[in-house]
Structure formats: structure tokens, C-alpha cells
1. Treating only the Cα positions of region B:73-138 as identical point scatterers, give the base-10 log of I(q)/I(0) from the Debye formula at each q in 0.22 Å⁻¹.
2. In degrees, nearest 10, range 0 to 90: what is the angle between the Cα axis of helix B:297-310 and the longest Cα principal axis of chain B?
3. Is the shape of the protein assembly as shown best called rounded, prolate or oblate, per the rule: a/c under 1.5 gives rounded, else a/b larger than b/c gives prolate, else oblate, with a ≥ b ≥ c the square roots of the Cα gyration tensor eigenvalues?
4. Across the residues of A:87-99, average count of Cβ atoms on other protein chains within 10 Å?
5. Just to be sure I understand the model, the point goes 7 Å from the Cα along the line to the Cβ. What's the resulting residue B:80 to residue B:221 distance in nm?
6. Among A:303, A:231, B:189, what is the fewest-to-most ranking by other Cβ atoms within 10 Å?
7. Once a ≥ b ≥ c are taken as the square roots of the eigenvalues of the Cα gyration tensor of region A:160-291, is the result rounded (a/c under 1.5), prolate (a/b larger than b/c) or oblate (a/b not larger than b/c)?
8. Given Cα positions, please report Rg to Rh for chain B, the hydrodynamic radius being the Kirkwood one.
């Protein structure tokens, strides 16, 4: 057991405070790492505030982790001390169910073990990346190219894969017109990936002010979703729409922007359901409403390799851990372009 | 112009009454037919009662039509007087949009011309199959095998294709477990087709009494959807579920019966939306909620040929046209196994 410095919420809605805790000693299949950077995901805030009703405390959040390997267990293959690695939303899964067998551990029949706010195989609570060190089974460790800025690559582990995976699954590419709804941590990565895959990308946003930035990120067009006339002009235009907005909103209007056989995929879980879409919006275009959850380990590695090839990282604002509570408030006000990342060096000094 | 005998609603919610009207003289591309049988679809009732808000009167309903060709225009190829033919929900479409080009006229960008309660290319209202004769563009005429019972094959033109098409589109077949929700005109055909395609078929119904009949039709199992414990046991079991129930109901529970990557497809349009499903039910299984509308002409012909090969027809109750108002009331009480078909001879005598 090693004593770790972290930042934790001690109770629901309490501010995060410095927190000392222990992790297991690395086993034969484990990789130990010094955490360098950890992204701040909106789901950290949901769980710290117990908005999904499944939180346990104390809670050390963080599942967008980049670090450097310090030690590996006897059975570890492919990782050595000094390696630059990443850990995302999962630290374990059953490994034997059909989804695990297909490399889709996020849909493990027995539920994957989340990087924090979960229960590890040894019965202990899992604690995340707002901390100095991590011990993880090798199956859940990703290789991160040293050619990528390490701080800016941390959010690839959740915001990156959550948008990359559906764009790949629904085969978005050249010749497609793709909508991205919302320009936040997820939306800005969805634009980058859809653009990199060769699609024509249209951002739907409520904020007029985001237009120039969206185009810099790779959007070909920006539509203000509050403008009914502008929205009507987009009818039946889209092959695929990725909706990154978690707050309840009108998804029926978005369905009607799809071509025949188009898919609207949701990646955000609202606290209360969206208004029910009209069945006719599905039927009169053989349209599909879908959802996806992050991505499997194999695909996460594929995404990281793709990012290394193309030089894709997230747009971030680096903060010391001591600023996390303020960052949460700013995140609620959409005052971040586009992801906060904690510099874990701030916990070591 | 030929004078036709039919049954029509003269106003919203009025009972149907005998009605004399005219149809256009057959043009060069037209096929004229004597109607033999016409199925009674639930959407006839919706439109007669103006429940979808788009009805015009007088209205001669009926879009499950089987008849015999009496004359063909100069440019008609492939049909001759005496041929046994069918007409479904569509009598025209633009013919040039991408959907028409792909043989998916039901999704025509300009809207297909419905067999009744629509406006024909000549500006006249279209009138359906509760009548003695029909004149239709050859592109919308189907060949119906004389080996099939003509009365029992009439509902294939709507109830048949509406269930055949999604089962084919989502590639249902051997090794799949398929749910069918509701045992009515559509549901009983969905069971027959899913069974014929080699799937394991489970009927979800609210009526305990339908079990034996469902098994006769080809269902392997029957689950009473009101029984919460029985429903829980079905979780994550289905590759595909076809939901034929038009009344608003709980689709979230059905979504949770799907395996990862499974699809729940709706074919009924409720008057008010279903309760909104939880986004988590989509996300935590990469599930899809979809809708489809009848099928294209090419696929309708494929379905009719498949039915001829396999001897598949609908289970019907034959009625004279004079009984239509009573039949509507019985349909509302689910008192029909499983489709009323009007014997059009009753209009000739």
C-alpha cells in the first residue's frame, strides 16, 4: 500500500478538499503509474453532487488520466517503467462475457468497474485521477504517444473516445453531412473527429458567439439551434447527428434534420428525460435514435493512435488541483474552452 | 370516367354509407382492375375519424386491395386483362428523388400519393379499395399469385409489408431472438414472417388468452407484458423487437429487453407520444429506437412472392361492405382474428 495525495469530495455537494488515501500494491497483472494530468469531465461534477443517485464518499474523481509507468507486475506484457500511458473510464470488467470478448468492455454484462465511484475486484472503492498515483490492471492501460502534448491528450480518454466511437460505429466519412449538437468538451472533439474523417460538419449551438471558434475546430457551418427558420432549412439534410448535450432538450426537431435512414445518437444522460419525440419523426424517414457509451479498450487505443498520426488533441485550460471547485463553477457556466485539465504536479509540491 | 360503387365517410366520425363516384379513364400507363377484396386497416378508422388531422371528405378508405385486371393502357408492360394483382398504400410518387430511385417510394421526398385521402396527379382526391374498381399507374401494381387465397392475401399489401420490411431491413434471421409486441393485424403477420425467417419469436401481449393462438401462428414463447417479473426475466435477450402497438405505452421497458446493439422498431403512430424513454436505456447498450413505414414497391413484390412460395397469408374474417361500421367497432375492441376483409362482391349485387 502506498499513500497517495488526491482531491476528494467527502460528501455529496461538498467542495473538494485535499485527501490522503491508499491504493493496492501492484499485483502480477498491474501497472503502477505516476499521474501527470487528469481531465475534468462533466460527469465528475454529476457524481460529486450525487446527481445520478449512485455516489459513494469520499470520492476522488477523474477518468481522463495520462501518466508515466513506474512499475509493472510480473505478468505484465507491453508496458515498462517510463512508458507514457493513459487510463480512461474503466479499470476492470469481467473479461468473459460476449461484450468483453468483442472488446466492448463498456457494455460488460456484469458492469465494468469505473475508474472512480466504483468497487474494485478486491472490494475496495475505486479512486480516480485527481491524485498522484494509480494502480491498474494492464488490460485497461492505453499507450499514449509522446508526440502528443500530454496535458491536452488526457481528455481523449473520455471526451475523445465518447465522440470517436459513435462516429466510427455509424461509419461517418467522406460524402456525409454530420451534425454535432453542443460545443463543449465532447462537442469540440466531435467536430475535430468528424472533420478528420472527411465529413461535412455542421455545429448546432445556442450561442451565436461560438461560430468562429467552431470553424477553427473544423466545422464547415454553424446553425443557431434556437432559430426556428434556420433549423427548418436543415430538414432531411443529415446522415448522422451526434448530440452531446446532456440537459433535457428538444430531440424531435433534431430527428427531423436526418435524411432517410439517418441516426441521431445521444451521448449525454440528462437528469430527467428529454421531451418524448414524435413517433412519426422516426417512422416517416426510417430514422433511428440511439445512444452510446465511451468506447472499448481496443477502440480507445485505435483512437489514441489516430490522434497521434493526425496530431489531434483537446483544447484545454490547465489548472492546479487547488482550483478544482472554481473550475466546476465555471464548467456549469460553460466558461471553459473546452476542457479543464488538472496539472497533477500541483499535488506533489 | 366510369361510375364506381363504394362505401364512404361523408364527414369526420360519420358512419360509412354507400357512395357513387367516378375514377379517371385509364391513361397510357394505367392499369384498370375490378376489386375483389379489400382489407380493413386500423389506419382506415384513424382517417375516417380524422384522428390524424389530415382527413378530407367524402373518403372511400381501403389500401389492402386485391383484384383482377380489366384493361391496360398502351404503355403498360407486364400486366394483361385477367391478371390477379394487388395495390397497397401508394398509387403514385415523384419517381425521381433518391428514395424513389432506390425503390423506397414510401419515403419519396415529395410525399407519395396515398391510395385514399390523398390528391392524385390530376388534382382529384384519391379513393381507396372499399369500392368496385380502381385505376392505377402500372408502377404501383403488384402481382399476386393465384395460388394464394385472394381474400386472405389482401392484407399483405399493408399489414404484410409493414412487418416484412423492418424484419428484412434489420436482417432478422436464424439465430436471432425477436420480440413482437401486440397480436393484431400487424402483430400476427410479424410472428409469421419472423418465424419463416428462422428467428426464435416471442410475443409480448397484455392478453393471457392469446397464448395458444400465438403459438399456432409461429411464436415460440408468449410473455404477458403487464407481468413485471416476467418482463424482468427477458432483459437483454432480444436482437430485435417489432412493436406493432399504436396506443401510447411504455417503450422504455421494451428497450431494456434488447441486447447490446439491438433495435426496437415502431410501426404504429400513436395519437399522443409514448412516455419518453430514459436515455440511459439507449446509452448503456448502444441500443436503437427506430420507426419504419410500409415498404417500397420492389420489396412489396418480393414479400408477395415470398408469401406465395411459403403459402403465407393473413388470418381474416370476411365481411360484406354493409358490415363495415360494425367491423370498426369490433376492431376497436380487438375483436377480430386478425384482419377484417371486405368481400367486394357485396357491392356489386
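1. -1.06
2. 70
3. prolate
4. Numbers: counts 0, 0, 0, 0, 0, 0, 0, 0, 0, 0, 1, 2, 5.
Per-residue shielding by partner chains comes out at 1.
5. If labels sit at residue B:80 and residue B:221, their model points lie 5.2 nm apart.
6. A:231, A:303, B:189
7. Rounded.
8. Ratio of gyration radius to Kirkwood radius: 0.97.
Computed from the coordinates by the stated procedures, all read-outs in this text should not be read as laboratory data. Quick caveat: nothing in here was measured; it's all calculated off a predicted structure. When we count neighbours, we look across all protein chains shown, and the Cβ atoms used for this are built from the backbone with ideal geometry, even at glycine.
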